[in-house]
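Heads up: the structure comes next, in structure tokens.
What follows is calculated from the coordinates using simple rules that are stated; it is not laboratory data. None of these values were measured; they are calculated from a predicted model. Using ideal geometry, Cβ is built from the backbone for each residue, glycine included, and neighbour counts are taken over all protein chains shown.
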Amino acid sequence: MTYKPTLCIGILTMNEERRIARCIESARFADDIVVVDSGSADSTVSVAKGLGADAHVYSDWQGFAEQRNRLLTHCTADYIFF
């Protein structure tokens, strides 16, 4: 039996309702798509969830690195692509 590594696409967002659907659609080749939103005032999160992404909101912005680290806690794949 051959082991096939898994891939997660990680997406950080803030008010990206105009682009999030195209972004998620372009990442469909991955095993998992995780979105971490920074408290969007638009429908970014609902669009992402509607397209099947695992979406989470962390609106207490503490910087890019913290948001990325939060995203990592939701990824279980062998490899992660941001």
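Assorted remarks:
- Cβ-based exposure ranking for D60, D31, in which fewest neighbours within 10 Å come first: D60, D31
- The chain - Rg and Dmax from Cα coordinates, angstrom: 12.8, 47
- By the Cβ rule of 4.7 Å, the chain holds the following cysteines without a possible disulfide partner: C23.
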